[in-house]
Amino acid sequence: MKQGKRPTKRQKIEIKANGLNSENWLVERDLPDQMVIVHRFSGKPRTIRRGA
């Protein structure tokens, strides 16, 4: 598993739009169709889908 990085402002907006607290999530992978985020404390991954 890759290390997570702090989210940018655009990524924070996307994380908040999915009902999550951006303070608790790190971005592992940012692809055009999805963003993989990892919880800062538990390490659990989650995928946010983009587009239709």
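The values are calculated or read from the model by the stated rules, or taken from the named source; none is laboratory data. Because the structure is a prediction, the values reported are computed rather than measured. Using ideal geometry, Cβ is built from the backbone for each residue, glycine included, and neighbour counts are taken over all protein chains shown. Each accessible area value is taken on the protein alone, full model and side chains, heavy atoms only, with ligands, DNA and RNA left out. Shrake-Rupley method; radii C 1.70, N 1.55, O 1.52, S 1.80 Å.
Hand me the trypsin sites (Lys or Arg not before Pro) from the chain located in a DSSP loop with no more than 14 other Cβ atoms within 10 Å, in residue order please. Present the calculation step by step, with values, prior to reporting the outcome.
Working: sites: K2, K5, K9, R10, K12, K16, R29, R40, R46, R49, R50; in loops: K2, R40, R50.
Taking the chain and a limit of 14 other Cβ atoms within 10 Å, the loop trypsin sites (Lys or Arg not before Pro) found are K2, R40, R50.
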* Asked: Which value in nm describes the separation of the simple spin-label points at R29 and K2, placed 7 Å from the Cα toward the beta carbon?
  -> 0.8 nm
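Could you size up the charge dipole of the chain around its Cα centre, putting +1 on the beta carbon of Lys and Arg and -1 on that of Asp and Glu, and report it in debye to the nearest 20? Don't skip to the end; give the middle numbers.
On the way: 13 positive and 5 negative charges, 20 e Å.
I would put it at about 100 debye.
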* Reach of K16 by Cα under 19 Å, taken over lysines that are not fewer than 8 positions away in the same chain -> K5, K44
* **Accessible area in square angstrom per residue, the chain, 1.4 angstrom probe** => 76 Å²
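Summarise the accessible area of the chain (1.4 Å probe, protein heavy atoms) by the percent that is carbon and sulfur. All intermediate terms of the calculation are to be shown ahead of the outcome.
Values: 1950 of 3960 Å².
C and S atoms contribute 49 percent here.
If you average 1/r over all unlike Cα pairs in the chain and invert the result, what Kirkwood radius do you get in angstrom? Numbers along the way, then the final one.
Working: mean 1/r = 0.0925 Å⁻¹.
One decimal place: 10.8 Å for the Kirkwood radius.
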* Spatially proximal aspartates and glutamates relative to K9 (Cα-Cα < 13 Å; intrachain offsets below 8 disregarded) -> E23
* Do the sum for the chain: with -39,500 (n - 2.57) for every DSSP H run of n ≥ 4, divided by all residues, what is the mean residue ellipticity at 222 nm, to the nearest 500 deg cm²/dmol? -> -5000 deg cm²/dmol
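Counting only C-alpha contacts under 8 Å and six or more residues apart, can you give the relative contact order of the chain as a whole percent? List each step's numbers first, then the result.
On the way: 71 pairs, mean separation 14.7, N = 52.
Relative contact order comes out at 28 percent.
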